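Input: a single structure, listed below in structure tokens.
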There are 2 protein chains.
Amino acid sequence: MLTKTNPPREIERKFLLKRLPDGLTSYPHEEIAQGYLAVERGGVQVRLRKKGNVRSLTYKRGSKTSREEREVRLSAEQFDALWPATAGRRLTKIRYDVPWESHTIEVDVYTGRHDGVVVAEVEFDDLKTCREFVPPPWLGEDVTGKSRYSNVMMALE
Amino acid sequence: MLTKTNPPREIERKFLLKRLPDGLTSYPHEEIAQGYLAVERGGVQVRLRKKGNVRSLTYKRGSKTSREEREVRLSAEQFDALWPATAGRRLTKIRYDVPWESHTIEVDVYTGRHDGVVVAEVEFDDLKTCREFVPPPWLGEDVTGKSRYSNVMMALE
């Protein structure tokens, strides 16, 4: 979620899974294809994403729990003009939106060359809610900020 | 100019000026403000630009004479959402379009903290035309590919 303050920040935690939650495929889900136009060593990323029929360009800066994030919707024409530049820096996954208490846990099941990798992300409105979050029993190790499980690393490797 | 081939390439040369061409301010000109969302060491840039009332996002890769370049027009809303992320990586200039034989020479007069710097660029449809270009007497040293005069270096410094 993007807050309306300036700069907008994304507050989230990422987990591995002990097991898939019951009835995973019954929850709302969409295919995501994303690729990176640019990745700076300092933590800046410019990402293109197609989620269902929604295309977007996202700027992210920083790492770990709290990051600056700016996102704009793109038209199909804009997206198609830029997408070829992400060749070799792409990944695909299916995102399931699993409700848990007052939260939505996004379970990402990777496809393509990362087939079999599953991670879960939870976004929070504020740092207090983030700290107090008690994960469901099917979530495992907290890998927030671990580069091994960052999308950008997976896209580049 | 962008060719329609894939990937689109930009073919250009850049010069310093021995002197300003006669009647410079009588030629069509527009203010340009540009800033960089991301700059990779490997030569990838993602640039935002406002030229007059035209806003754009440009992806560039490579250096020197011939570069891959992909550009999309942005709405004011899209531009305004991303522009704050370029803070500290911006420059402003006035671009004059000076006709010379069958070419248009773009004379960029920098404003702001690079006030006083003037460079000229000529874009070509193909490498043959690029090689055969005979500059007018008011153009000086060819600085094509010299990082000192690249916009991205000037924006970052």
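The values are calculated or read from the model by the stated rules, or taken from the named source; none is laboratory data. Here the structure is a predicted model, which is why all the values come from computation and not from measurement. All Cβ positions, even for glycine, are placed from backbone atoms using ideal geometry, and neighbour counts span all protein chains on display.
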query = Got a sec? Which of B:Leu37, B:Leu91 is within 14 Å of chain A (Cβ to nearest Cβ) and within 30 Å of A:Pro8 (Cβ to Cβ)?
reply = B:Leu37
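Do we find that A:Lys50 is within 18 Å of the chain's Cα centre (by Cα), charged (D, E, K, R) and at pLDDT below 95 in this structure? Steps first, please.
Working: within 18 Å of the chain's Cα centre (by Cα): yes; charged (D, E, K, R): yes; at pLDDT below 95: no.
No, not satisfied.
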task = Would you mind stating whether A:Tyr59 is under 30 Å from B:Val39 (Cα atoms), in contact with a Leu (Cβ under 9 Å, 6 or more places away or on another chain) and either of a type in the set (Phe, Trp, Tyr) or modelled with pLDDT of 95 or more (or both)?
result = yes
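Considering only residues of segment B:135-157 that are among the hydrophobic types (A, V, I, L, M, F, W, C) and closer than 19 Å to B:Lys18 by Cα, which is surrounded by the fewest Cβ atoms within 10 Å (Cβ to Cβ)? Walk me through it before giving the result.
Our first condition is that a residue be among the hydrophobic types (A, V, I, L, M, F, W, C); within segment B:135-157, this holds for B:138-139, B:143, B:152-156.
Next, from what is left, pick out any that are closer than 19 Å to B:Lys18 by Cα: B:138-139, B:143.
Values: B:Trp138: 18, B:Leu139: 23, B:Val143: 16.
Residue satisfying both the conditions and the ranking: B:Val143.
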query = Looking at B:Lys93, B:Lys146, which is the one that is on the phi < 0 side of the Ramachandran plot and at pLDDT 90 or above?
reply = B:Lys93
message = Just checking, does segment B:74-86 include any residue being small (Gly, Ala, Ser) and more than 14 Å from chain A (Cβ to nearest Cβ)?
response = no
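Can you pull out every residue in segment B:28-59 that is among the charged types (D, E, K, R) and surrounded by fewer than 21 Cβ atoms within 10 Å (Cβ to Cβ)? Spell out the reasoning first.
Quick first cut of segment B:28-59, residues among the charged types (D, E, K, R) only: B:30-31, B:40-41, B:47, B:49-51, B:55.
Within segment B:28-59, B:Glu30, B:Glu31, B:Glu40, B:Arg41, B:Arg49, B:Lys50, B:Lys51 qualify.
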request  = Return the total of residues in segment A:89-116 being closer than 17 Å to A:Glu157 by Cβ, of a type in the set (Asp, Glu) and touching a residue at least 24 places away in the same chain (Cβ under 8 Å).
outcome  = 1
task = Could you give me the residue pairs with C-beta distances under 9 Å whose first residue belongs to segment B:72-88 and is at positive phi, whose second residue is surrounded by fewer than 18 Cβ atoms within 10 Å (Cβ to Cβ) wherever it lies, and which are 6+ apart or on separate chains?
result = B:Gly88/B:Leu156
task = Could you list, in sequence order, all residues of segment A:118-134 that are surrounded by fewer than 16 Cβ atoms within 10 Å (Cβ to Cβ) and either under 18 Å from A:Ser150 (Cβ atoms) or at pLDDT 95 or above (or both)?
result = none
message = Any residue in segment B:117-138 that is in contact (Cβ under 8 Å) with a residue 12 or more places away in the chain and farther than 11 Å from B:Glu12 by Cβ sitting within a Cβ distance under 7 Å of a residue that is aromatic (Phe, Trp, Tyr) and not in a strand (DSSP E or B)? List the pairs, counting only those 6 or more apart or interchain.
response = B:Val119/B:Tyr149
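Does segment A:88-111 contain any residue that is in a helix (DSSP H, G or I) and surrounded by 16 or more Cβ atoms within 10 Å (Cβ to Cβ)?
From segment A:88-111, those in a helix (DSSP H, G or I) are none; that's our starting set.
Scanning segment A:88-111 turns up no residue that is in a helix (DSSP H, G or I) and surrounded by 16 or more Cβ atoms within 10 Å (Cβ to Cβ).
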ask   = Scanning for something surrounded by fewer than 18 Cβ atoms within 10 Å (Cβ to Cβ), aromatic (Phe, Trp, Tyr), out of contact with any helix residue (DSSP H, G or I) (no Cβ under 8 Å at 6 or more places or on another chain) and part of a strand (DSSP E or B), does segment A:3-21 turn up at least one residue?
value = no
